[in-house]
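Encoded as structure tokens, the structure appears first; notes follow it.
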Amino acid sequence: RQRQSEGSGQVIVWTCVMGQCCSSPRKPTPPGADETTPIYFNNVLLPRGSRPEDLASLELFCARAPDCGYKDYPRALRFIRARKHVLDDALKLWCLDQEWRVCDNIAGILDEPVDPVVENVIAAHYAPVLLGTRSREGDRLVMYRNVGDLNVETLNKATGVDTSHLLRRHMREMERLRREMDADAKGAGALGGHVSILDCEGTSVLKFVGARAFWTSISSLDGNHFAEMLGALIIINPPPMTMWAVNTIKPWMDPTTAAKIIVRNGKPSEFLHEYFSSADVAGLPEHLRPVAVGAQVGASRV
């Protein structure tokens, strides 16, 4: 491991030498290092926000996962953080994800041919989309989902579109988001998470229950393959009792995850601009934009 100067700042460079450092115990955090310190591993600059403890874990991780190339470092770091730096657990997640990526052809998912008729049907019921906007705080990428019109049973009977079609659409958009995050050099980057806006207008308990298999699959999919990609979840147009329900289950959730969930009642056009700069409000769906953006907005809660 080497430490060298870069201007007035500090740069940490860690080069892994098989058979030497990879079998050593986890290194302590170097004094004076923090999340603003550029950190390199095998001469590759790690994502913004990487910490010395991430570097130490990544060294040991890569020694046991030889298929983890330099382009995979952001994904590996998210898995390591998701499993609280417990190496065995992070490696299990990695192996599961690697197998899934091969079996489901995730490498080619953005280029695969799609049936436009099926896609148009899906888009009317479940259309996750990466917006051309960023959050005010953290400069995060933003994904919008309108789930109010999702009725899986009715959709299947009327069009033949089933849960597998919906899941494939979800995989494609989440993989698109992952690649955008990993390539993000100006904003929150690969480790800053994204903002997810969940629009529940029109949903009901019956619709939710009817789609429970889909939501269960979504939860498992995101947890196993897109871990640590959420920075904040903003639920808008919630059904009655949503805030009560969320606040009831939060004490049993991981505190870090619970802190990411925000439920907002009222018209989104009257408060959603709080989370975005005036320049980025235009990237929101039209029905969510404020009538007048010129007003001074309040402090962000993301």
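The values are calculated or read from the model by the stated rules, or taken from the named source; none is laboratory data. This one's a predicted model, so the numbers in the text were calculated from it and none came from an experiment. Quick reminder, even Gly has a Cβ in these numbers, built from the backbone with ideal geometry, and neighbours come from all protein chains shown. Note: accessible area is taken over every heavy atom of the protein model, side chains too, but ligands, DNA and RNA are not part of it. Shrake-Rupley method; radii C 1.70, N 1.55, O 1.52, S 1.80 Å.
Would you work out what percent of the accessible area of region 172-250, with all protein chains in place, is carbon or sulfur (probe 1.4 Å)?
Ligands and nucleic acids excluded, carbon and sulfur reach 62 percent.
For the peptides 193-201, 42-50, 108-116, what is the packing order when you average, over each peptide's residues, the other Cβ atoms within 10 Å and list the highest mean first?
Top of the packing list down: 193-201, 42-50, 108-116.
Give me the percent of Cα-Cα pairs in region 145-302 that sit more than 25 Å apart, rounded to a whole number.
38 percent
Please tell me the relative contact order of region 167-272 in percent, rounded to the nearest whole number, where contacts are Cα pairs under 8 Å and at least six residues apart.
29 percent
On average, how much accessible surface per residue is there in region 61-177, in Å², for a 1.4 Å probe, leaving out ligands, DNA and RNA?
Result: 46 Å² per residue.
Calculate, in nm to one decimal, what residue 87 and residue 111 gain on full extension: separation in residues at 0.36 nm each, minus their alpha carbon distance.
In short, 5.3 nm is gained.
What trypsin sites (Lys or Arg not before Pro) in region 181-218 are in a loop by DSSP, with at most 13 other Cβ atoms within 10 Å of the Cβ?
Qualifying residues, ordered by number: 186.
Find the accessible area per residue for region 236-288; the probe is 1.4 Å, ligands and nucleic acids are left out, and the unit is Å².
I get 56 Å² per residue for region 236-288.
Past the 32 Å Cα-Cα mark, which pairs from 186/260; 84/207; 207/250; 71/207?
With Cα atoms farther than 32 Å apart: 84/207; 71/207.
Given the C-alpha centroids of region 104-163 and region 232-275, what is the distance between them in whole angstrom?
So the separation of the two Cα centres works out to 22 Å.
How high is the relative contact order of region 31-116, given as a whole-number percent (alpha carbon pairs under 8 Å, six or more residues apart)?
19 percent
Can you give me the long-range amide H partners of residue 41? Hydrogens built in the peptide plane at 1.01 Å from N, cutoff under 5 Å, separation of 5 or more residues or another chain.
14, 46
Give me the percent relative contact order of region 118-220, please, defined on Cα pairs under 8 angstrom at least 6 residues apart.
Once normalised by length, the contact order is 36 percent.
Between residue 252 and residue 71, how many nm apart are label points set 7 Å from Cα along the C-beta direction?
Using points 7 Å along Cα→Cβ, the separation is 4.2 nm.
From the backbone phi of region 95-112, what are the Karplus-calculated ³J(HN,Hα) couplings (6.51 cos²θ - 1.76 cosθ + 1.60, θ = phi - 60°) in whole Hz, Gly and Pro given as x?
4, 4, 5, 4, 5, 4, 5, 6, 4, 9, 6, 5, 4, x, 5, 6, 10, 5
Can you tell me how much longer the chain between residue 103 and residue 120 gets when fully stretched, taken as 0.36 nm per residue apart minus their C-alpha distance, in nm with one decimal?
3.5 nm
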